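Below is one structure, written out as structure tokens; the observations come after it.
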Amino acid sequence: MASSPAPHAVLQLFPPPARERRLSGLYLGESLPEPAAGEAPFLYANFVTSMDGRIAVAGADGVSRLPAGLTNARDWRLFRELQAHADCLLTHGGYLRALVAGTLGNILQVGLAADGEDIASWRADREMTVQPAVAILSASLDFPLPASLAEHRQPVHVLTTAEAPRDRMAELRAAGCEVLCVGSGSRVRGREVAAVLEERAYRRIYLQTGPRMLETALRDRVLSRLYLTLSHRVVGGEQFDTILRGGPLGAAGTLRLRALYLDRPAKGEIGQFFASFEPG
Ligand SMILES: NC(=O)c1ccc[n+]([C@@H]2O[C@H](COP(=O)([O-])OP(=O)(O)OC[C@H]3O[C@@H](n4cnc5c(N)ncnc54)[C@H](OP(=O)(O)O)[C@@H]3O)[C@@H](O)[C@H]2O)c1
């Protein structure tokens, strides 16, 4: 009788002692606190980066994209397991533009991708909503609203600034979104994002955003945990993004390692570390 392949394992390096852990379920089993009403929500983010700190590199057309091979099926699995914990996914106008342009895939629903049934049932077992709410950060409001949000009956909150175009605010409200002006100038601040989402009773908020939101979340000290996949490769490229954009963070940028796993490469593959940090 043919035996089924052994489940993929990663090596837990920290905290000690070192031991093998099954990859599937690793981040479903993470303990994410559920703050009580009135407490600050638990905001967590996840990035995949190369050894030289690139999360995206501009191509010859000037468009910034994830370098080929930076992500893989195992990192994708853990990204989706982290989604399972969320009451609310925080995304932004740039992502919705990339989605419609076809440069990024759909990450607005949880547990729908192939082999995601256990992620969907994990939420059901905990009596969570089938799909999380979605909050969209945008100063310009220049983004298309994906049809999948209405199809899956996800509450949509648009977080923008007082200077955003009024006609677009009206269009988004007519389309069923809640539009909130929670910032001024060209950016919404992390503290304001956390406050309005806490008021709406969201306890665990997954930042599926980019360097600008991470900057304000760290600076405003509202980020609770940072998950980082460090791919064992150097990418290069002159124009690139790192996990953070903006001025020096000082003490607000200090992080404490809470877990580190080694994903050893099979022949012809690239290894990676899965790490998580908390401010402090
Ligand atoms: N490797 C990874 O893990 C990873 C993760 C994330 C992103 N990336 C890549 O990195 C590159 C840059 O990231 P990005 O485009 O996602 O993010 P970004 O440059 O931080 O933000 C993009 C857009 O989001 C809105 N936004 C972000 N923060 C905001 C704030 N505080 N207030 C108001 N609006 C805000 C703005 O939209 P409006 O223009 O609509 O106002 C902004 O143009 C992209 O190529 C992306 O694919 C890689």
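The values are calculated or read from the model by the stated rules, or taken from the named source; none is laboratory data. The model shown is predicted, which means the values in this text are computed figures rather than measured ones. For neighbour counting, all protein chains shown are included, and Cβ atoms are generated from backbone atoms with ideal geometry for every residue, glycine included. Heavy atoms of the whole protein, side chains included, go into the accessibility calculation; ligands, DNA and RNA do not. Shrake-Rupley method; radii C 1.70, N 1.55, O 1.52, S 1.80 Å.
Just one of (1) touching a residue at least 60 places away in the same chain (Cβ under 8 Å); (2) more than 16 Å from the ligand (Cβ to nearest atom) trips up residue 207, so point out which.
(2)
For the stretch 131-144, give me each residue that is surrounded by 14 or more Cβ atoms within 10 Å (Cβ to Cβ) and either free of Cβ contacts under 8 Å to residues at least 24 places away in the same chain or within 16 Å of the ligand (Cβ to nearest atom) (or both).
131, 134, 135, 136, 137, 138, 139, 140, 141, 143
Of everything in the stretch 64-83, what is surrounded by fewer than 20 Cβ atoms within 10 Å (Cβ to Cβ) and within 8 Å of the ligand (Cβ to nearest atom)? Give them in sequence order.
64, 65, 66, 71
For residue 255, state whether it is modelled with pLDDT of 95 or more and either open to solvent by less than 50 Å² (accessible area, probe 1.4 Å) or in contact with a helix residue (DSSP H, G or I) (Cβ under 6 Å, 6 or more places away or on another chain) (or both).
No, not satisfied.
Report yes if residue 145 is among the hydrophobic types (A, V, I, L, M, F, W, C) and touching a helix residue (DSSP H, G or I) at 6+ places or on another chain (Cβ under 9 Å), otherwise no.
Here the answer is yes, as residue 145 does meet what is asked.
Scan 194, 175 and give me the residue that is open to solvent by 40 Å² or more (accessible area, probe 1.4 Å), among the hydrophobic types (A, V, I, L, M, F, W, C) and either farther than 20 Å from residue 96 by Cα or away from the ligand (no atom under 12 Å from the Cβ) (or both).
175
For the stretch 20-32, indicate whether the set of residues that are buried (at least 19 other Cβ atoms within 10 Å of the Cβ) and under 28 Å from residue 195 (Cα atoms) is non-empty.
Checking the stretch 20-32: at least one residue is buried (at least 19 other Cβ atoms within 10 Å of the Cβ) and under 28 Å from residue 195 (Cα atoms).
Within the stretch 50-63, track down each residue that is surrounded by fewer than 19 Cβ atoms within 10 Å (Cβ to Cβ), near the ligand (Cβ under 10 Å from one of its atoms) and in contact (Cβ under 8 Å) with a residue 60 or more places away in the chain.
The one that is surrounded by fewer than 19 Cβ atoms within 10 Å (Cβ to Cβ), near the ligand (Cβ under 10 Å from one of its atoms) and in contact (Cβ under 8 Å) with a residue 60 or more places away in the chain: 58.
Taking into account only those residues within the stretch 84-98 that are of a type outside the set (Gly, Ala, Ser), more than 12 Å from the chain's Cα centre (by Cα) and within 14 Å of the ligand (Cβ to nearest atom), which is nearest to residue 117 (Cα to Cα)?
Step by step, filter the stretch 84-98, then rank; the result is 96.
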